[in-house]
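Reading through the structure tokens given below for one structure.
The values are calculated or read from the model by the stated rules, or taken from the named source; none is laboratory data. The structure presented is a predicted model; accordingly, all values stated were derived computationally and were not measured. Positions of Cβ are backbone-derived with ideal geometry, glycine not excepted, and every protein chain shown enters the neighbour counts.
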Amino acid sequence: MKPLSRKTLSIKPSQTLALFARAKAMKAEGHDVVSFTAGEPDFPTPEPVKSAGIEAIRENFTKYTANRGMPELLKAIAEKFRRENGIETDPGRILVSSGAKHSIFNALQALCNRGDEVIIPSPFWVSYPEMVQMVDARPVLVKTSLKNQFKMTAPQLKKALTRKTKAVILNSPCNPTGAVYSREEMEALADVVKSSGVYLISDEIYEKILYDEETHFSPGSLPAIRDQVITVNGVSKAYSMTGWRIGFMTGRKDIINAAETFQGQVTSNANSIAQKAALVALTGNLNDTIRKMVGEFDRRRKYLLEQVQRIPHVQYVHPRGAFYLFFDVSAYLRKRAGTVAVKTTEDLCEYLLTTHHVALVPGTGFGEKRWVRLSYACSLEELQKGVSRIAEGLNTIR
């Protein structure tokens, strides 16, 4: 038999999804596992949104829509970008896709040629480098530091640029660190983007999940780089709609048109029923619902930080957004837990899962071999139980 695609075989599986599935399987087998792996809110989709989906089915809105998205939704997204992000756009420069991940991939397909380079600050969301490689481009990882909350600076971006650089990917608030770029930091990066002529893909899926009076800033609102920015967002995180799979993006018209053409040959339109639900999410005045959800995330975050500070030798990024804690476990590596060798973060996470029944994601997939990610998108009760198990597990490592 002939071999499979070299490209496909070179893609690394998502550690996040793999460990989420592993923890779920152990729970199904009857184990009391606390999983801190999932990057999704544990709150139900708001009732008006669910009702809109049900009504869409009852009204037989179950056929194809336009590939770009249904007109009412495109209009609502354009208005959302203008009202909330200061981005001047219109329905002709919007593309609705099957999740923000799909939007990012479509954008990369529209921009990249073989041999192009895409700059990604490290640590990064696990899928960015893999998607870049899938479009035959090369990810260029810019290592950042805890000193700057793992945010890439303008001098770092400038140093990473080459004649092959096609784009930069920024994520604020950031998965896995929870870091948030300020307006001043974004403007400094924008100056480099402007002078170099590269594109900026701005992943803003966590924009509404902010703490400590942080504010979100969209670089696509800056007139100087308006035509160089592709802004990606969706309804998954803010409206607890991860499974509905609706993402969207805006940018220069020719970029959006190219991405639409690609999507038309691969998936066609995003789910019609979910589009109806997303329309209600964006127009249904659900700000109070979002505030309550973020308030509960903040309560968990504060509890978590208070507890983690009590664990010896652990450093972490103070999360200002999203719902992750990224922390350094290097003091517990290259050691043993009884007869178990704990050399890497993969070993550590395996030990904690199998022995202490708590699931974390190794930092390797995020670009930091000495760190792990914890998602606090779970109940406070689960958080209390899980953090206790982490502390107990780390205490056994010598």
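A few notes on this one:
- Phe217, sole failed condition from (1) under 18 Å from Glu368 (Cα atoms); (2) within 17 Å of the chain's Cα centre (by Cα); (3) without any contact (Cβ under 8 Å) to a residue 60 or more places away in the chain: (1)
- Cβ-Cβ under 6 Å pairs, at least 6 apart or on other chains, segment 140-151 side within 17 Å of Val329 (Cα to Cα), far side modelled with pLDDT of 95 or more: Gln149/Ala179; Phe150/Pro123; Phe150/Thr144; Phe150/Thr177; Phe150/Ala179
- Residue match in segment 148-162 (condition: among the β-branched types (Val, Ile, Thr) and under 20 Å from Leu222 (Cα atoms)): yes
- Total residues in segment 218-244, condition among the aliphatic types (A, V, I, L, M), assigned to a loop (DSSP other than H, G, I, E, B) and either in contact with a Phe, Trp or Tyr (Cβ under 8 Å, 6 or more places away or on another chain) or surrounded by fewer than 23 Cβ atoms within 10 Å (Cβ to Cβ) (or both): 3
- Here is the figure for segment 159-185: residues that are surrounded by fewer than 22 Cβ atoms within 10 Å (Cβ to Cβ) and of a type in the set (A, V, I, L, M, F, W, C) total 2.
- Qualifying residue in segment 117-134 (condition: on the phi > 0 side of the Ramachandran plot, not in a helix (DSSP H, G or I) and not assigned by TED's automatic domain parsing to the domain that holds Ser375): no
- Among the numbered conditions (1) surrounded by fewer than 15 Cβ atoms within 10 Å (Cβ to Cβ); (2) under 18 Å from Gln275 (Cα atoms), the only one that Ser10 does not meet is (2).
- Test for Glu55: is it surrounded by fewer than 15 Cβ atoms within 10 Å (Cβ to Cβ), of a type in the set (Asp, Glu) and farther than 30 Å from Leu222 by Cβ: yes
- Residue-level check: of (1) part of a helix (DSSP H, G or I); (2) surrounded by fewer than 23 Cβ atoms within 10 Å (Cβ to Cβ), Leu73 misses just (2).
- Residue check, Ala259 part of a helix (DSSP H, G or I) and in contact with a strand residue (DSSP E or B) (Cβ under 8 Å, 6 or more places away or on another chain): yes
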